[in-house]
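This report refers to the structure that appears directly beneath it.
The values are calculated or read from the model by the stated rules, or taken from the named source; none is laboratory data. As the structure is a prediction and not an experimental result, all values here were calculated from the model. In this analysis, Cβ positions are derived from the backbone assuming ideal geometry, glycine residues included, and neighbour counts consider all displayed protein chains.
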Amino acid sequence: MRLPPSVHNRLTYAGALMVLLASSAGVFLLLFTALAGGDAPYGALIIFLMLPAIVLLGIVLVPIGMWRERGHLARTGHPSIESFPVLDLNDPRRRFRVVLAAIAGVALMFATNFGSFLAYEHTESVAFCGQTCHVTMEPEAVAHRTSPHARTGCVACHIGPGSEAFVEAKVNGLRQVYEVLFDKVPRPIPVPIRNLRPATETCQVCHWPEQNYTPQYRRFVHFLSDDANTRWEVHLRLNTSGGGPHVGGAGGIHAHHSGVNKKIEYVAVDRERDDIPWLRVTDRESGLVTEYLASGASRPDDAIAHDEARTMDCIDCHNRPAHRYNEPGDSMDSYMALGKIDPTLPSIKKVGVELLSAADYQTTAEASRKILEGVQAYYRTEHPEVLEKRAPAVNAAIHHLQTIYHRNFFPRMKVRWDTYPDHSAHLITPGCFRCHDGNHKSASGEVVPNDCRTCHVIVAQGNAGELEHATDDAGLEFSHPGDVGDAWQGMACTDCHGGAS
């Protein structure tokens, strides 16, 4: 088939070349995705948006070039490209140029496909989400690197499969780009994320709440804020369990809260979901429905009528699975237990927590400087012999205190360890006690359980080397490590604890 004369112009050729290269790159990436398996939400940005846009542009350039060429022919009577090179392959020089052009074309095709693949991979990476694209995500990116889910990419939880989730994410991304360019980013960024994918599509791809698990044993090592940094340990048996009907409904924390045996719905009156006045529990086996209302609270009839009650899933308790910030006391306990901060340095726990908790640091650099000056000033005044004879241990403590600050405090984004509470416990945040506070009752007088042994049992506790061990499955009664007598009884942990413990 002979092409019309108007086809022979540089603009039409350029458009055709764009269509060829972009199409080949798109086919290559589609085949790669199909063979590799799995979903690539951000990769769709290249496959279904960028490359088709280039193809469309090339298609548009083809008729534009032909239209301009027809005008040129009408005005001059001569084509814009008078003649094409004669490909006489018997001529060594021409044969060399043809071979060189072919090699260059193949190399260009390869470079296009390879470049598209690299861009595809980068858009799926944590670096793209935490640094390249979202420069305001520094706190989340730092916390993610030290989390148990550090090898799980951001897109696995934050971007769902399918075109609908992809389009929604890109529309939301345009708003984020605007906020970054014009410095409109809220500080701190509000949570929880309203359109976060359900746990059944994220957490439960790896975790299996229907399975029955044996209890977990956890050893918590604490250091008191006294001169000797007295070591206090608590060993717990956590009744995580799980199990659905296929294992007899074994019960336990996960079975009751993950939707396996019971469906739990609740209404929170604050954005952070800390204040929960009403919840409804449906037993999946019997169909029994029980509503609980907090003492003194009004039933949220409007929210219930408009189907605004949230169904509890993993994220309602484990709300910081990949972006957890550690409070100063907990961080220091970990560093001291590992020996990174020498626990024999007098009062290092108390001094470190006080310096980390100071609220007047405007920048990270200022915090690092004041931590250095604060530790040195304390030992210079109170224990000059330590500063003189144990300088390496003091310097190591200063370094690790600065590291703790860098990982859990971000002045630029107004984020610190307590900005985003972790609901998976109840020591320094309400956590479990949002519902299990003994004040949520049904119409029949049934109370949401708040017995500590429902979830965990103390199997050992006490000073290191002098642990008291449980002699039966009921475990030990909790003993407060500090000299506070019985003052703690009847109080929530959060009434006193707040990161300076």
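List of remarks:
- Taking every residue in the range 196-212 that is closer than 13 Å to residue 158 by Cβ and pairing it with any residue that is surrounded by 15 or more Cβ atoms within 10 Å (Cβ to Cβ) and small (Gly, Ala, Ser), at least 6 positions away or on another chain, the pairs with Cβ-Cβ distances below 7 Å are 197/160; 201/160; 202/156.
- Selection count, the range 133-160, where residues are at pLDDT below 80, more than 21 Å from residue 186 (Cβ to Cβ) and part of a helix (DSSP H, G or I): 2
- Given (1) of a type in the set (D, E, K, R); (2) in a helix (DSSP H, G or I); (3) under 16 Å from residue 393 (Cα atoms), index of the condition residue 340 fails: (2)
- Unmet requirement for residue 83, which otherwise passes all of (1) exposed (fewer than 10 other Cβ atoms within 10 Å of the Cβ); (2) at pLDDT 80 or above: (2)
- Any hit, the range 87-99, residues being at pLDDT below 75, in a helix (DSSP H, G or I), among the β-branched types (Val, Ile, Thr) and under 30 Å from residue 197 (Cα atoms): no
- Taking the criterion of being in contact with a helix residue (DSSP H, G or I) (Cβ under 7 Å, 6 or more places away or on another chain) and under 29 Å from residue 330 (Cβ atoms), the residues of the range 205-223 that qualify are 209, 221, 222, 223.
- Single condition residue 291 does not satisfy, out of (1) surrounded by 13 or more Cβ atoms within 10 Å (Cβ to Cβ); (2) among the charged types (D, E, K, R); (3) not assigned by TED's automatic domain parsing to the domain that holds residue 427: (3)
- If you go through the range 359-404 and pick out every residue that is over 22 Å from residue 339 (Cα atoms), aliphatic (A, V, I, L, M) and surrounded by fewer than 15 Cβ atoms within 10 Å (Cβ to Cβ), you end up with 3.
- Some residue of the range 316-336 being in contact with a Cys (Cβ under 7 Å, 6 or more places away or on another chain), in the same structural domain as residue 221 (by TED's automatic domain parsing) and assigned to a helix (DSSP H, G or I): no
- Count - residues of the range 358-387 that are polar (S, T, N, Q), over 17 Å from residue 348 (Cβ atoms) and assigned to a helix (DSSP H, G or I): 2
- Entirely in the range 199-304, the strands (runs of 3 or more DSSP E) that have 1 or more residues that are farther than 18 Å from residue 435 by Cα and aliphatic (A, V, I, L, M): 216-223, 231-238
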